[in-house]
Amino acid sequence: MPSSSVSILSRCSVFPDQPSSLASLKLSVSDLPMLSCHYIQKGVLLPSPPYSVSDFFSFLKRALSATLSHFPPLAGRFSTDSDSHVHILCNDSGVEFVEAKAKHITLNTLLSPGDVPDYFKEFFQFDHTISYSGHFKPLLAVQVTELADGVFVGCTVNHAVTDGTSFWHFFNTLAEICKGTKKISKSPDFCRDTVFNSPAVLKFPEGGPVVTFNGDEPLRERIFHFTRESILKLKLKANTNNQIAGRKPVNGFTDAVEILGKQGNDSWKTVNGNITSVLENLIKTNVPNRTAEISSFQSLCAQLWRSVTRARKLDPSKTTTFRIAVNCRHRLNPRLEPYYFGNAIQSTPTVASVGELLSNDLWWCADLLHKNVVAYDDATVRREIANWESHPRLFPLGNNDGASITMGSSPRFPMYDNDFGWGRPIAVRSGRANKFDGKISAFPGRDGNGSIDLEIVLSPETMAGLERDPDFMQYVSTTTV
C-alpha cells in the first residue's frame, strides 16, 4: 500500500447551528481514566449515494452542524480548573470536518477475506491522539472519504467524553438528521448528579499523561463472523455441563451437543430442518433457570479466551485475564438514563491460570465469565467507584503480561442503524486507535438476528495459531463483511 492512499480535498471547522445551552460538564470518575486512551475511531462503509458525493459532503456538513446543537459537549474543549478538576467547556469551539477521496479503492478490496486492509486506518483523523489532548484539539472529527463505488464515514471522538453507548447515539443522530428528520428520536441526557460525579482529583504528570501500551508492536487484525446458528451451537455447548447448578441433561441434551459437534451445518439442516429453532428449544428446555443460563456472548467469549490462550503457548502456571467492559447505566439503582451522555462503563476482569483454563471444558470457562458478569450489580459499581476515589488512576489499557484479552464495544450497539438516506451500512470498521495484542471489539453482524462480528487484534504468531485452531475456526463463517 502506498504511504498515503487517501487525498484530502478540504478541511474545515463545523459549529453548532444553535448556541449551547450548557456551560460546562465536569468529567466523572468514569470519564477521567480515559484521558490516556486514544480517541475512539469507528465508522461505516456505505454504497455510493444516489446523488453526487459533493452533495453528500454538503448535506452531511449541515447535518453535523444541526446534530452538534443536540450534543454541545462535542463542540467544546477541555479545561482544568484551579482545583485540578477537568471540565468540558461547552463553548461552541467547533469540530473538524474533512472531505477526502480514494477513488482507486473499491468495496471488494476493502472487504476481501483475510486481514483488515490498512486502508481503513486512513479514513480517520487524530491518529495516535490521546484524549487529554482535548484541552487544545477538537473533541470530534468527521472524515468522509469517497471511494470507487462507495463512501466511508469515519467518526473520531474523544474517549473521555463518550463511551460506546454515547458514541453510537451521536452517530445514529447524525445519520437521522442527514436523512431529513426534523425531530430526533432520542435526546441525550447530560445530568451530572450521579454516583459518578466525585470531588476526587486525578493528578497528571507534567505535559499530561501518555498512552499505557506500545503502539508500535507488529499486529494482525481480522474480522471473524459468527452466524446466529454457530453462536447457538456454542451456547448449547456452554450450557451443557450437569455439574453447574445441579443441572441434569435431559431429552438427549448432551447427545445433541455431540451430534452438533460431528455434523456440518448443511447436513444438520437437512436432517433437522430449522437448526436455530432446534437449538433454541434445546436450550430453553434444559436451562429453565434464566439466571443460570450462560448467554450467547459469554459462550463466544469463553471460546475465544481458550483458543487465544492456547495459541499463545503460555506456561500452564501463568495467570490469564479476560476483561469485559460493562455498561453501568442499567446496573445502578436507581438506574441512569439509557441515553446518559458520557462514560458510564467499568471493566470487569475474570482471571484463571492457563492450565485450568485449557484443561477444563468450555462450560467451565463460560460459567466463570457468566458468574462475574451477573454479579456486577449496583454494589459492585459503587465499590469500584470508591476504590478509584481512594486511588485515582488512569485506565491501564494494554497487555503488559502477554496473557490478557480486553473485550470492548458491544454487539448490542446500533451500528447498522446509521441510514443516511439510501440504506444501511455495508460494514463497520475502526481505525488504529487503542489497538494492541489481545484487543477485541464486538460488533453486531450485518445480517442481524443475533449474529456477531469480532474484530480481533493479535500478534502475528498468535493470530496464525488461532487460525489453525479447529475448536475456534469451526464456528467461524466463511462469509464475511
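The values are calculated or read from the model by the stated rules, or taken from the named source; none is laboratory data. On a predicted model such as this, the values are computed, not experimentally measured, just so you know. Using ideal geometry, Cβ is built from the backbone for each residue, glycine included, and neighbour counts are taken over all protein chains shown. Side chains are part of the model used for accessible areas, which takes the heavy atoms of the whole protein and leaves out ligands, DNA and RNA. Shrake-Rupley method; radii C 1.70, N 1.55, O 1.52, S 1.80 Å.
What are the residues in the stretch 334-346 that are open to solvent by 30 Å² or more (accessible area, probe 1.4 Å) and either over 25 Å from the mean Cα position of the chain (by Cα) or among the small types (Gly, Ala, Ser) (or both), if any?
Answer for the stretch 334-346, where residues must be open to solvent by 30 Å² or more (accessible area, probe 1.4 Å) and either over 25 Å from the mean Cα position of the chain (by Cα) or among the small types (Gly, Ala, Ser) (or both): just PRO334.
If you check GLY450 against the conditions, is it on the phi < 0 side of the Ramachandran plot, touching a residue at least 40 places away in the same chain (Cβ under 8 Å), touching a Ser or Thr at 6+ places or on another chain (Cβ under 9 Å) and among the small types (Gly, Ala, Ser)?
No, not satisfied.
Taking only the stretch 163-209 into account, find how many residues are basic (Lys, Arg) and closer than 25 Å to PHE57 by Cα.
Summing the residues that are basic (Lys, Arg) and closer than 25 Å to PHE57 by Cα in the stretch 163-209 gives 4.
Scan the stretch 130-144 and give yes if some residue there is touching a Pro at 6+ places or on another chain (Cβ under 7 Å), small (Gly, Ala, Ser) and surrounded by 19 or more Cβ atoms within 10 Å (Cβ to Cβ), otherwise no.
no
Any idea which of (1) closer than 30 Å to PRO188 by Cβ; (2) of a type in the set (A, V, I, L, M); (3) surrounded by fewer than 20 Cβ atoms within 10 Å (Cβ to Cβ) is the one ILE324 doesn't satisfy?
(3)
Looking only at the stretch 15-60, how many residues end up being farther than 30 Å from PHE204 by Cα, small (Gly, Ala, Ser) and surrounded by 15 or more Cβ atoms within 10 Å (Cβ to Cβ)?
The number of residues fulfilling the criteria is 2.
Do we have VAL144 as in a strand (DSSP E or B) and farther than 27 Å from GLN18 by Cα here?
No, not satisfied.
Which count do you get for residues in the stretch 360-385 that are open to solvent by 70 Å² or more (accessible area, probe 1.4 Å) and touching a residue at least 40 places away in the same chain (Cβ under 8 Å)?
Of the residues in the stretch 360-385, 4 are open to solvent by 70 Å² or more (accessible area, probe 1.4 Å) and touching a residue at least 40 places away in the same chain (Cβ under 8 Å).
For VAL481, all conditions in the list (1) modelled with pLDDT of 95 or more; (2) within 21 Å of CYS155 (Cβ to Cβ); (3) out of contact with any Asp or Glu (no Cβ under 7 Å at 6 or more places or on another chain) hold save one; what is the number of the exception?
So VAL481 meets the others, but not (1).
Condition first: more than 22 Å from the chain's Cα centre (by Cα) and crowded, with 17+ Cβ neighbours inside 10 Å. Now tell me which residues in the stretch 94-111 satisfy that.
Those that are more than 22 Å from the chain's Cα centre (by Cα) and crowded, with 17+ Cβ neighbours inside 10 Å: GLY94, VAL95, GLU96, PHE97, VAL98, GLU99, ALA100, LYS101, ALA102, ILE105, LEU107.
Check the stretch 151-165 and report whether any residue there is surrounded by 21 or more Cβ atoms within 10 Å (Cβ to Cβ), of a type in the set (Gly, Ala, Ser) and assigned to a strand (DSSP E or B).
yes
Under 24 Å from GLY215 (Cβ atoms) and open to solvent by 30 Å² or more (accessible area, probe 1.4 Å): is that true of GLY114 in this structure?
For GLY114, the condition - under 24 Å from GLY215 (Cβ atoms) and open to solvent by 30 Å² or more (accessible area, probe 1.4 Å) - is met.
Do you know which of the residues in the stretch 203-240 that are touching a His at 6+ places or on another chain (Cβ under 9 Å) and assigned to a loop (DSSP other than H, G, I, E, B) is modelled with the lowest pLDDT?
GLY215
Being open to solvent by less than 50 Å² (accessible area, probe 1.4 Å) and in a helix (DSSP H, G or I) is the filter here, so list the residues in the stretch 386-407 that pass it.
TRP388
Given the criteria in contact with a Phe, Trp or Tyr (Cβ under 6 Å, 6 or more places away or on another chain) and buried (at least 24 other Cβ atoms within 10 Å of the Cβ), does GLY76 qualify?
So GLY76 does not fit the description; no.
Going by the structure shown, is THR67 hydroxyl-bearing (Ser, Thr, Tyr) and open to solvent by 10 Å² or more (accessible area, probe 1.4 Å)?
Spelling it out, it is not the case that THR67 is hydroxyl-bearing (Ser, Thr, Tyr) and open to solvent by 10 Å² or more (accessible area, probe 1.4 Å).
Could you grab the pairs with beta carbons closer than 8 Å, sequence gap of 6+ or different chains, first residue in the stretch 323-351 and farther than 14 Å from THR162 by Cα, second one among the small types (Gly, Ala, Ser) and assigned to a loop (DSSP other than H, G, I, E, B)?
LEU336/ALA344
A quick yes/no check of all residues on (1) touching a residue at least 60 places away in the same chain (Cβ under 8 Å); (2) exposed (fewer than 13 other Cβ atoms within 10 Å of the Cβ):
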residue	(1), (2)
PHE167	yes, no
GLY180	yes, yes
LYS183	no, yes
PHE190	yes, no
THR194	yes, no
SER198	yes, no
LEU202	yes, no
GLU206	no, yes
PRO209	yes, no
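Sort out which residues of the stretch 414-423 are within 19 Å of the chain's Cα centre (by Cα), open to solvent by 40 Å² or more (accessible area, probe 1.4 Å) and either more than 24 Å from GLN298 (Cβ to Cβ) or among the hydrophobic types (A, V, I, L, M, F, W, C) (or both), and write them in order of number.
ASP417
One line per residue, one yes/no per condition, for (1) over 18 Å from ALA160 (Cβ atoms); (2) free of Cβ contacts under 8 Å to residues at least 24 places away in the same chain; (3) of a type in the set (Ser, Thr, Tyr); (4) out of contact with any Pro (no Cβ under 9 Å at 6 or more places or on another chain):
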{"residue": "CYS12", "(1), (2), (3), (4)": "yes, no, no, yes"}
{"residue": "PRO50", "(1), (2), (3), (4)": "yes, no, no, yes"}
{"residue": "ASP81", "(1), (2), (3), (4)": "no, yes, no, yes"}
{"residue": "VAL95", "(1), (2), (3), (4)": "no, no, no, no"}
